[in-house]
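The values are calculated or read from the model by the stated rules, or taken from the named source; none is laboratory data. Everything numeric here is computed off the predicted structure, so don't read it as measured data. In this analysis, Cβ positions are derived from the backbone assuming ideal geometry, glycine residues included, and neighbour counts consider all displayed protein chains. We work out accessible area using only protein heavy atoms, side chains counted, and drop any ligands, DNA or RNA first. Shrake-Rupley method; radii C 1.70, N 1.55, O 1.52, S 1.80 Å.
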Amino acid sequence: MSDTPVSEMSFEQAMSELEAVVGRLERGDVPLEDSIALYERGAELKKRCEAKLKEAEEKVAQINLSSDGSPDGTTPVEGL
């Protein structure tokens, strides 16, 4: 596992580590206490990935298109 706090990870970092956590849990060769810690870390990573995806979706949703369909600016999103 990475030493980087989950709250500071990019989407790609969190997803990569989440895949590694899932892989270790699926193999089933991890002691129970370690499995619990991995599951908790995985839950944090999943939450981070979901938050980053939601943030990206909100940004994309705010793109304004001109009459010919090309992007011509953005509408500010409150709270971002």
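Things to note:
- The chain, helix-only ellipticity at 222 nm - DSSP H runs n ≥ 4, -39,500 (n - 2.57), divided by all residues, nearest 500: -20500 deg cm²/dmol
- About the Cα centre, charge dipole magnitude for the chain (Lys/Arg +1, Asp/Glu -1 at Cβ), debye: 100
- Per residue accessible area of the chain, 1.4 Å probe, in Å²: 75
- Measuring nothing but protein heavy atoms, the accessible surface of the chain at 1.4 Å probe radius is 53 percent carbon and sulfur.
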